[in-house]
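The structure follows.
The values are calculated or read from the model by the stated rules, or taken from the named source; none is laboratory data. What you see is a predicted model; the values in this text were computed from it and never measured. All Cβ positions, even for glycine, are placed from backbone atoms using ideal geometry, and neighbour counts span all protein chains on display.
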Amino acid sequence: MNASLILLCALAYLVALFLIAYYGDRRATQGRSLINNPYTYSLSLAVYCTAWTFYGSVGRATETGLSFLTVYLGPTILAPLWVVVLRKMILITKAQRITSIADFISSRYGKSTTLGVIATTIAVLGVTPYISIQLKAIATSFDIMAPGLLPHQSEQAFYLDSPLYVAIILGVFTILFGTRHLDPNRRHEGLVAAVAFESLVKLFAFLAVGIFVTFGMYQGLEDLFQQAMQREDVLRLFSLEESGFDGTSWGLSLLLSMLAIILLPRQFHLAVVENTNPDFVQKASW
């Protein structure tokens with residue numbers, strides 16, 4: 001693809017996100033919240049599906065077949081319980097003015113400072129490498145669409161490393177719409193609005209690609225699966241045992257994804273801290 005066109009589209013998308021976040025913050029200041037509805041709240045929960053989630057799911061699908069489904073089945077199985085579990089978490093958080101998953105965990109055990117420090121340390125250690133693979137996923141996407149557009153080889157000078165500039169842009173966005181206010185209990189409505197908009201973009205993009213592959217490259221689902229069944233390497237992926245993914249691994253992956261949808265720091269923040277009405281959880285579970 002044309003490198004200039006890709007770069008222009010990327011910049012236009014970033015500008016759109018900044019404008020949406022700015023508009024969301026401005027509406028909040030005027031007392032006319034842009035996110036005070038169950039649909040925006042539901043869309044914001046899709047922050048669970050990041051750029052690296054896409055690459056990770058595709059990678060697992062090509063290596064262990066159906067095992068990638070656990071990443072999404074776990075949250076789906078837990079969703080009906082949100083009305084009880086997630087709603088109670090929100091009510092506790094609002095009552096005790098909790099602003100992070102570490103605060104929440106420590107508050108359940110007498111506001112233990114030691115436990116809070118341990119939870120914070122674990123979160124930081126877990127998030128740091130995750131941020132690095134997120135940056136790698138974004139840089140890889142640029143490289144796939146336009147090879148050589150943004151060089152990111154380890155032997156090159158640091159100022160030629162594309163993830164560096166991605167990190168700077170994301171950092172600026174976070175400072176402007178996430179951390180510029182000193183009050184930790186203040187909601188970041190612009191940030192939530194931008195995440196909700198991103199979720200819509202992802203949804204339409206995945207639907208478009210799915211429709212194109214199913215009905216453009218193949219003659220429908222039946223034709224797609226028939227051709228897949230004719231290839232031994234693909235056929236193997238439809239069997240958990242042959243792909244090396246047993247029942248124990250399936251169960252553990254399900255449990256991990258069920259915990260991740262509510263306990264990952266970013267998930268807890270958007271699902272619990274940024275929630276404006278506990279009643280929205282019922283709509284979000286659907």
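Residue-by-condition table, conditions (1) without any contact (Cβ under 8 Å) to a residue 12 or more places away in the chain; (2) not β-branched (Val, Ile, Thr):
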{"site": "Ala12", "(1), (2)": "yes, yes"}
{"site": "Thr29", "(1), (2)": "yes, no"}
{"site": "Leu69", "(1), (2)": "yes, yes"}
{"site": "Ile77", "(1), (2)": "no, no"}
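Examine the stretch 133-154 for a residue that is among the small types (Gly, Ala, Ser), at pLDDT below 90, surrounded by 11 or more Cβ atoms within 10 Å (Cβ to Cβ) and over 24 Å from Ser4 (Cα atoms), and state whether such a residue exists.
Of all residues in the stretch 133-154, those among the small types (Gly, Ala, Ser) come to 137, 139, 141, 146, 148, 154.
Those left that are additionally at pLDDT below 90: 137, 139, 141, 146, 148, 154.
From what is left, the residues that are surrounded by 11 or more Cβ atoms within 10 Å (Cβ to Cβ) are 137, 139, 141, 146.
If we keep only those that are over 24 Å from Ser4 (Cα atoms) as well, we get none.
No, the stretch 133-154 contains no residue that is among the small types (Gly, Ala, Ser), at pLDDT below 90, surrounded by 11 or more Cβ atoms within 10 Å (Cβ to Cβ) and over 24 Å from Ser4 (Cα atoms).
State whether the residues of the stretch 263-285 include one that is over 26 Å from Leu14 (Cα atoms), within 16 Å of the chain's Cα centre (by Cα), surrounded by 12 or more Cβ atoms within 10 Å (Cβ to Cβ) and at pLDDT below 90.
Within the stretch 263-285, one or more residues are over 26 Å from Leu14 (Cα atoms), within 16 Å of the chain's Cα centre (by Cα), surrounded by 12 or more Cβ atoms within 10 Å (Cβ to Cβ) and at pLDDT below 90.
Mind checking which helices (runs of 4 or more DSSP H) fall wholly inside the stretch 48-152 and carry at least 3 residues that are more than 20 Å from Glu274 (Cβ to Cβ), within 20 Å of the chain's Cα centre (by Cα) and not hydrophobic (A, V, I, L, M, F, W, C)?
Values: elements: 51-64, 70-78, 85-96, 101-107, 113-145.
Per the criteria, 51-64, 70-78, 113-145.
Follow-up. Scan the stretch 76-106 for residues that are closer than 11 Å to Ala271 by Cβ and aliphatic (A, V, I, L, M) and jot them down.
From the stretch 76-106, those closer than 11 Å to Ala271 by Cβ are 82, 85-87, 89-90, 93, 101; that's our starting set.
Hits for the stretch 76-106 are Val85, Leu86, Met89, Ile90, Ile101.
Among helices (runs of 4 or more DSSP H) lying entirely in the stretch 164-255, which contain 2 or more residues that are within 19 Å of Leu34 (Cβ to Cβ), at pLDDT 90 or above and in contact with a Gly (Cβ under 8 Å, 6 or more places away or on another chain)? Break it down stepwise before answering.
On the way: elements: 189-212, 221-229, 232-235.
Qualifying helices (runs of 4 or more DSSP H): 189-212.
Considering only residues that are outside any loop (DSSP other than H, G, I, E, B) and either touching a strand residue (DSSP E or B) at 6+ places or on another chain (Cβ under 7 Å) or surrounded by fewer than 19 Cβ atoms within 10 Å (Cβ to Cβ) (or both), which ones fall in the stretch 24-46?
Those that are outside any loop (DSSP other than H, G, I, E, B) and either touching a strand residue (DSSP E or B) at 6+ places or on another chain (Cβ under 7 Å) or surrounded by fewer than 19 Cβ atoms within 10 Å (Cβ to Cβ) (or both): Arg26, Arg27, Thr29, Pro38, Tyr39, Ser42, Ala46.
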